[in-house]
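Only the coordinates and a few stated rules stand behind these numbers; no lab work does. Bear in mind the structure is a predicted one, so any value in this text is a computation, not a measurement. Note: ideal-geometry Cβ built from the backbone for every residue, glycine included; neighbour counts use all protein chains shown.
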Amino acid sequence: MDDLKSKWLGLIGEAADEATLEDLRVQAVGKKGEVSLKMRELGKMTPEERQTAGPALNALKDEINSALAAKKTALADAALDERLKAEWLDVTLPARDRRVGTIHPVSQVWEECTAIFADMGFAVAEGPQVETDWYNFDALNIPGHHPARAEMDTFYMHRAEGDNRPPHVLRTHTSPVQIRAMEAGGAPTRIICPGRVYRADYDQTHTPMFHQVEGLAIDRDISMANLKWVLEEFFSAYFGTKVKTRFRASHFPFTEPSAEVDIQCSWEGGTVKVGEGDDWLEVLGSGMVHPKVLQAGGVDPSEWQGFAFGMGIDRIAMLKYGIPDLRAFFDSDLRWLRHYGFSALQVPTLRGGV
Ligand code: 2NL
């Protein structure tokens, strides 16, 4: 019995891997294993012999099984140690680049404008980009012979041969949206109209498609003072610092009186900073809505009056983010956008939150 024990425990102790260990288990305590065969012989023994041999064989079987289990654990631990020694992780490797998109400056500024004017009670109105010449020109007091029509570099749509109706146009401003809003909702109203507009012009400061936001406020006693407050509030929220405005007398067919609006800025080393210094930068056109324009929108000018303004989204985006060339907006890539710090959408509000 002692021979058996030292033989099997010795073999188990020397086993080099799990497969060898399994072979040993089958040979020792498997169904036809040496210990199992010995147990079968118990039946042929005398009761006295059996009384000592039975418990001894059972104890031997238990010991072999324990030794097998212990050796199995030891082999697994050794294998893990080997793997840990062989494998390693270089935590200094740079992380893989994640391909994330960024918001486009024009989209971001569009959202910023919408949020700031929304805080002042302005709703957003949108409309078609292909317009009739009535909505784009006549309703805005720009008749067919008016020089403003020729000056606008309008894109005209094609008409079929023999169709003599005036052609549709790509809207040259978002004002037609405001005429449509007046028609649909009447007065009083407070809306802004952000959108794409089109003019046949292309150089460093002009692209044939650009973005505009126009505003319109109509009530019984709206004045230029309200216009000035709204614009100063807007520019201060947009640039994140108090911005003064300067109104200069001007002329537009759709407003009377009309004013061009400058914002306070400084020029230093070829860069412009808004909200400081004593230079001025022209950023928008505005005025009191012309009575004929109110009338065209179905609003009675003897009862209602209002202010309107229009500014370029691309232009104020360039000013805020220091983008020098308008054309960069339209042949840009992600590297260019990241250079200017564009990532997730961040929208300022009157309360200064994002
Ligand atoms: C400019 C000038 C302006 C308006 C747009 C407007 C709209 C209606 C009635 C009256 Cl429905 N006015 N819009 C008024 C004044 C100026 O834009 O130079 N924008 C960049």
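Details
- Residues located in segment 134-183, provided they are within 15 Å of the ligand (Cβ to nearest atom) and aromatic (F, W, Y): W134, Y135, F137
- In segment 51-65 there is no residue that is part of a helix (DSSP H, G or I), under 60 Å from the mean Cα position of the chain (by Cα) and surrounded by 10 or more Cβ atoms within 10 Å (Cβ to Cβ).
- Matching residues in segment 213-227 - criterion: being away from the ligand (no atom under 12 Å from the Cβ) and crowded, with 17+ Cβ neighbours inside 10 Å: I222
- Reported count of residues in segment 88-133, each being without any contact (Cβ under 8 Å) to a residue 24 or more places away in the chain and either surrounded by 17 or more Cβ atoms within 10 Å (Cβ to Cβ) or within 15 Å of the ligand (Cβ to nearest atom) (or both), is 0.
- Neighbours by Cβ (under 8 Å, 6+ apart or cross-chain): first from segment 161-184, in contact (Cβ under 8 Å) with a residue 24 or more places away in the chain; second more than 16 Å from the ligand (Cβ to nearest atom) and not in a loop (DSSP other than H, G, I, E, B): P167/Y156; H168/V130; H168/Y156; V169/V130; V169/Y156; L170/V130; R171/V130
- Search result, residues across segment 257-278 that are part of a strand (DSSP E or B) and in contact with an Asp or Glu (Cβ under 9 Å, 6 or more places away or on another chain): E260, V261, D262, I263, Q264, C265, S266, W267, V272
- Scanning segment 248-300 for residues that are under 19 Å from Y238 (Cα atoms), of a type in the set (A, V, I, L, M) and either within 10 Å of the ligand (Cβ to nearest atom) or in contact with a Pro (Cβ under 8 Å, 6 or more places away or on another chain) (or both) yields V261, V283, L284.
- Flag if I323 is closer than 30 Å to D219 by Cα, of a type in the set (V, I, T) and more than 9 Å from the ligand (Cβ to nearest atom): no
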